[in-house]
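One structure is given below, encoded as structure tokens.
The values are calculated or read from the model by the stated rules, or taken from the named source; none is laboratory data. On a predicted model such as this, the values are computed, not experimentally measured, just so you know. Here the Cβ positions follow ideal geometry from the backbone for every residue, glycine too, while neighbour counts run over all protein chains shown.
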Amino acid sequence: MELNDVRKSYARWAPIYDRTFGQITRAGRRRAADVLNGLGGRILEVGVGTGLSLPSYRPDVSVTGIDASADMLEKAREKVAELGLKNVEALRLMDARAMDFPDACFDHISALHIMSVVPEPERVMAEMARVLRPGGTIVIVNHFARDPEEKGALPVLERMAAPFAALLGWHSDFSRAHVSRTPGLRLIEEMHLPPFGMMTLLRFRKD
Ligand SMILES: C[S@@+](CC[C@H](N)C(=O)[O-])C[C@H]1O[C@@H](n2cnc3c(N)ncnc32)[C@H](O)[C@@H]1O
């Protein structure tokens, strides 16, 4: 999808996102927040959406969220106001492919359920590597394509979920090669997450 299509699609999803896709993907957000809370510092969340992860961050970290959809960001702003979240430094409308942050200005970064939605995921990975300080961590949660020969319930479930995923602009056949070959980033952890191990958490370190 082009960015305009992403925006149109998420304008429709914003009012119902938390009760639909947002519900079934809670585990990934919780695990990512656990990892980042263990590290602390200044955190960037790329594609923060409706801000479902924001209440899970420790009160003493500083979180900046960016998203390309004004409608999704509006929901995130409402959450911050309603819950009185003091650790959210900023929520900004921004294309993750061309961020206007200086180099190496964030300690850690999360990108949750966004990499298979963004146009040009390799460009987003390169931008995240640029704004991350050396030694910093990037946590990605996403669904990645499986071996088509794989047997069992999971491939069947994935085929059942495919039309729903497509409505989110989600590429269910998204290859992990899109995120795993970024110069300067080293994969240091991988973990399969609910629902049914469909999502994967990848943790990269900037050397
Ligand atoms: C499936 S939602 C995930 C939202 C949130 N991270 C979560 O876990 O609930 C994908 C988000 O990626 C955002 N997005 C897509 N392309 C983007 C881009 N180029 N720059 C910034 N955000 C983008 C969409 O607007 C949407 O909010």
Exactly one of (1) buried (at least 18 other Cβ atoms within 10 Å of the Cβ); (2) more than 9 Å from the ligand (Cβ to nearest atom); (3) over 22 Å from G41 (Cα atoms) is unmet by E78. Its number?
(1)
Do we find a residue being loosely packed, with under 13 Cβ neighbours inside 10 Å, modelled with pLDDT of 70 or more and in a loop (DSSP other than H, G, I, E, B) anywhere in the range 150-159?
no
Does A90 count as more than 10 Å from the ligand (Cβ to nearest atom) and either in contact (Cβ under 8 Å) with a residue 24 or more places away in the chain or within 18 Å of the chain's Cα centre (by Cα) (or both)?
yes
Of all residues in the range 100-114 being within 14 Å of the chain's Cα centre (by Cα) and more than 9 Å from the ligand (Cβ to nearest atom), which is nearest to H192 (Cα to Cα)?
I109
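Looking at V48, is it closer than 11 Å to S110 by Cα, assigned to a helix (DSSP H, G or I), β-branched (V, I, T) and touching a residue at least 40 places away in the same chain (Cβ under 8 Å)? Give the steps one after another, and end with the answer.
On the way: closer than 11 Å to S110 by Cα: yes; assigned to a helix (DSSP H, G or I): no; β-branched (V, I, T): yes; touching a residue at least 40 places away in the same chain (Cβ under 8 Å): yes.
It is false that V48 is closer than 11 Å to S110 by Cα, assigned to a helix (DSSP H, G or I), β-branched (V, I, T) and touching a residue at least 40 places away in the same chain (Cβ under 8 Å).
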Top-ranked residue of the range 120-142 - restricted to ones that are in contact with a helix residue (DSSP H, G or I) (Cβ under 8 Å, 6 or more places away or on another chain) and closer than 17 Å to G49 by Cβ, ranked as surrounded by the most Cβ atoms within 10 Å (Cβ to Cβ):
I140
For residues that are farther than 20 Å from M99 by Cα, out of contact with any strand residue (DSSP E or B) (no Cβ under 9 Å at 6 or more places or on another chain) and part of a loop (DSSP other than H, G, I, E, B), scanning just the range 2-45, find the one that is nearest to the ligand (Cβ to nearest atom).
A14
